[in-house]
């Protein structure tokens, strides 16, 4: 990968850096589990820990740490904040999976599915009661992770630190409100006929559900380095926009991979977004640009829970051959280009900034 000003960052070196940051975050999370997990009832502990022990690449905490380093801060000092945003991210996933009735996350059973199996195995609950029990466990586990995320963030410099307290308040009010608004809009759109869905609404979902947390990660990294709140820092505000643009690019690529990736790396069935009827930018634009026959076929399959494998493949083929595919890819790449301009403007040239450039480019050049 190429950083800013032509700096070459070897792909293996970039992956090694990301892996190292992820391992540090996971170690911090493991220590938090060690300190707080033992006092929990076994089922609540198992469900809450199931996501934290399967965290993936930790893109969000890596963003926070890279922004902190690029702005001249201490990565070691910011590590609890990085773990906090990963903890925060995972509570949203637990609740999101309940709302979407998803069965798998990162190749493993989702929290409510795991909880249901625990109810059946340990409590001998019938299927319906076990399903309700699993949903309750997942909701409680999500609430628990949210509380512990705040605790981790406040541990950065102690609760008397004005900047850290301000960031915790920002997480509790601004970030949480944006994420919940994005989730509500996403649920609302899922109940809205495709013909009535507006592109602006789809963009709002991406900005709020994906971009908001990434923006918080970036501005928090800069704020910790500068020792001032984001509202008092031009660099933090600029990097928040950088991260939002990268988040939109990330989500578009995620939607494309949901059609053309492989199930093992995605951790979910290919075409599951089709059966779910997910309101994506790609699907919306495809419906606007495809032939009338293809449009009729798509509308009959998107969101159809009874669609069989042949139907899913038919819809997938229409989406992949549509002119909208190239269009959304170009839009995604343009978001990254705009983000790179902001990165060069707001952070000084250094190793961490070059890694941030590579991180941004990975949003549209990733396989999972």
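Miscellaneous remarks
- For the range 254-283, the set of residues classified as at pLDDT 90 or above and over 14 Å from residue 329 (Cα atoms) consists of 274, 277, 278, 279, listed by residue number.
- Residue count, the range 18-32 (criterion: buried (at least 17 other Cβ atoms within 10 Å of the Cβ) and either free of Cβ contacts under 8 Å to residues at least 12 places away in the same chain or under 20 Å from residue 144 (Cβ atoms) (or both)): 5
- Residue within the range 190-201 that is assigned to a helix (DSSP H, G or I), touching a helix residue (DSSP H, G or I) at 6+ places or on another chain (Cβ under 7 Å), buried (at least 18 other Cβ atoms within 10 Å of the Cβ) and at pLDDT 95 or above present: no
- Only one entry of 72, 56, 115, 77 meets the criterion of being modelled with pLDDT of 95 or more and outside any helix (DSSP H, G or I), and that entry is 72.
- Among the residues of the range 204-215, at least one is within 19 Å of residue 79 (Cβ to Cβ) and either in a helix (DSSP H, G or I) or without any contact (Cβ under 8 Å) to a residue 40 or more places away in the chain (or both).
- Which numbered condition residue 51 fails, given (1) part of a helix (DSSP H, G or I); (2) crowded, with 20+ Cβ neighbours inside 10 Å; (3) over 20 Å from the mean Cα position of the chain (by Cα): (3)
- The helices (runs of 4 or more DSSP H) falling completely within the range 258-368 that include 2 or more residues that are within 30 Å of residue 222 (Cβ to Cβ) and touching a residue at least 40 places away in the same chain (Cβ under 8 Å) map to 323-346, 351-362.
- Pairing residues of the range 117-130 that are within 16 Å of residue 41 (Cβ to Cβ) with residues that are surrounded by fewer than 11 Cβ atoms within 10 Å (Cβ to Cβ), at Cβ distances under 9 Å and at least 6 apart in sequence or on separate chains, gives 118/42; 122/42.
- In the range 67-115, residue farthest from residue 57 (Cα to Cα) [restricted to those that are without any contact (Cβ under 8 Å) to a residue 40 or more places away in the chain and touching a strand residue (DSSP E or B) at 6+ places or on another chain (Cβ under 9 Å)]: 113
- When the range 290-319 is filtered for residues that are exposed (fewer than 14 other Cβ atoms within 10 Å of the Cβ) and closer than 30 Å to residue 245 by Cα, only 317 remains.
The values are calculated or read from the model by the stated rules, or taken from the named source; none is laboratory data. On a predicted model such as this, the values are computed, not experimentally measured, just so you know. All Cβ positions, even for glycine, are placed from backbone atoms using ideal geometry, and neighbour counts span all protein chains on display.
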